[in-house]
1. Does any residue of the range 322-331 turn out to be farther than 23 Å from S179 by Cα, β-branched (V, I, T) and in contact with a strand residue (DSSP E or B) (Cβ under 8 Å, 6 or more places away or on another chain)?
2. Of all residues in the range 292-306, count the ones that are buried (at least 21 other Cβ atoms within 10 Å of the Cβ) and closer than 29 Å to A386 by Cα.
3. Restricting attention to the range 170-184, which residues are charged (D, E, K, R) and part of a strand (DSSP E or B)?
4. Within the range 255-278, is there a residue that is surrounded by 15 or more Cβ atoms within 10 Å (Cβ to Cβ), free of Cβ contacts under 8 Å to residues at least 60 places away in the same chain and over 20 Å from R185 (Cβ atoms)?
5. Does L342 satisfy the condition of being touching a Cys at 6+ places or on another chain (Cβ under 9 Å), modelled with pLDDT under 95 and either farther than 26 Å from L247 by Cβ or not polar (S, T, N, Q) (or both)?
6. Need the failing condition index for T433 against (1) β-branched (V, I, T); (2) surrounded by fewer than 23 Cβ atoms within 10 Å (Cβ to Cβ); (3) in a helix (DSSP H, G or I), just the number.
7. Across the range 174-192, what is the number of residues that are crowded, with 20+ Cβ neighbours inside 10 Å and at pLDDT below 95?
8. Could you grab me the full set of residues in the range 202-248 that are surrounded by fewer than 17 Cβ atoms within 10 Å (Cβ to Cβ) and in contact with a helix residue (DSSP H, G or I) (Cβ under 6 Å, 6 or more places away or on another chain)?
Amino acid sequence: MTAAALSTGGFRLPHAARALDVAAITARLQATLFADGPRLLRARPCYLRLKPGTALFVLWEVEFTAADAPSDAAAHDAQRSLQRDYVELSTGAGGLVPEERRKWETLHPSLAPRERFLDFDAAHDTILARLPFDLELRRLPRLLDPEGIKRVVETLPDPFGDGRAVAIRARGSSGALQSFRPRRRAVVRLELRGRDGEETVLRRAIAREFAAPPASGLAWRVGLAAGPWPRLLSASADQTFLLEELLPGAPWSGATPFPCAAAGEQLGRFHAATRAALPRFAVARMSWARELEAARQVVLDIAALAPELADLAERSWRTLPVDAPRSDDLVGVHGDLHAGQLLQDDAGQLTWCDLDRARPGAPAKDLGRLIADLEQRDALPTDGVAALLEGWASRSGCARLSADSLAPWIALAHLQAASEPLRRCRPDALTATVRALESAARHGQRAAPANAKGAS
């Protein structure tokens with residue numbers, strides 16, 4: 001799906017179409033942020049965050065060659081000098097430029113215009129900001145600079161998580177951006193070097209910065225028993241920045257069958273451990289009514305991003321049960337479980353990562369979300385659900401669950417994920433969204449054919 005295929009009429013923003021116009025944005029980038037340096041080859045939108053009628057944030061991936069690369073370089077030489085970067089574009093309903101210009105000037109008063117990390121277009125009420133600069137993620141530029149890393153990490157209590165008085169050194173420390181969501185969060189892989197007396201200390205860690213602290217808080221993680229999940233090392237006082245253990249291994253890639261039984265066991269261990277931590281969560285469980293509200297927002301987003309799918313999204317939402325599925329257990333659910341969150345090291349050890357959205361809830365939510373994700377990937381083995389449930393039950397200490405009892409949660413997960421292909425501007429976005437909506441309807445009808453939102 002190309003940016004041009006998105007209908008921007010539902011965005012209710014006067015300049016949304018231009019904000020997704022590849023030719024216009026590419027020309028603007030070359031004339032502004034890349035005017036004095038590299039030759040821009042191409043640009044494409046890769047993530048959308050929409051506030052209908054208020055603002056649209058677009059993450060653009062740009063490819064360019066080194067500034068000194070000759071324009072007639074051979075193909076292999078051009079490829080060798082190819083570099084990637086990301087640019088955040090913001091556009092509003094009017095008045096966004098003067099408001100945000102003031103914020104940027106307050107945030108980075110020492111940065112001269114020649115540094116070319118910002119461009120304001122008042123005529124079209126849009127702003128371009130070259131990563132790592134983001135109005136809400138103010139530590140991010142420092143996390144990619146050795147001196148900045150030193151300054152940020154030194155503000156944390158016990159940054160290595162072991163009570164040692166380590167003096168962080170800029171030399172030898174480094175950061176690499178792993179993921180980014182405009183105005184929301186960034187994940188950076190850090191290599192920290194320091195000294196504890198005469199001893200040189202090395203620590204590899206994951207840094208997470210949030211525009212707002214996780215709703216669940218962090219107290220629950222402090223006393224969480226060791227297990228197949230990352231250990232929290234340290235956090236800022238406002239909980240918008242944390243360091244956690246870097247786990248070995250790589251995300252499951254799909255090259256081998258998904259290890260349903262082993263993944264279920266590790267998820268069961270997580271649920272068992274988080275049951276003890278429930279009193280320390282800063283947020284209550286999310287009710288089924290709130291889950292339905294979140295799913296409803298996805299329906300509205302799809303209607304704005306792809307109006308031709310609005311009716312299908314509405315019908316899918318109406319198959320979800322009105323009444324909450326029964327749950328005899330309360331655990332700390334992962335909240336964003338999918339196959340890509342499962343790491344596997346060289347020894348075959350599995351660990352779950354990315355606990356930012358954990359909160360009290362029914363264990364069926366995690367199981368349903370994982371099954372829906374595997375279905376979307378065409379990676380669910382024939383006996384996968386049974387193996388997953390058996391592995392989970394063997395470690396969780398919770399009441400056993402049947403495959404049928406997961407149907408409403410699988411339906412909910414399909415629907416809540418249905419807008420992601422559109423947000424990520426995937427080439428197959430329309431097809432993938434239709435498939436997710438149809439899967440949601442299928443599982444929703446199986447869950448409660450006489451107790452759905454459209455059954456009255």
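1. So far as the range 322-331 goes, yes, one or more of its residues are farther than 23 Å from S179 by Cα, β-branched (V, I, T) and in contact with a strand residue (DSSP E or B) (Cβ under 8 Å, 6 or more places away or on another chain).
2. 1
3. Within the range 170-184, R171, R181 qualify.
4. yes
5. In short, yes.
6. (2)
7. Within the range 174-192, residues that are crowded, with 20+ Cβ neighbours inside 10 Å and at pLDDT below 95 number 3.
8. If the condition is that a residue be surrounded by fewer than 17 Cβ atoms within 10 Å (Cβ to Cβ) and in contact with a helix residue (DSSP H, G or I) (Cβ under 6 Å, 6 or more places away or on another chain), then A219, A225, G227 are the ones that fit.
The values are calculated or read from the model by the stated rules, or taken from the named source; none is laboratory data. Please read all numbers here as calculations on a predicted model, not as lab measurements. All Cβ positions, glycine included, derive from the backbone under ideal geometry; neighbour counts span all protein chains shown.
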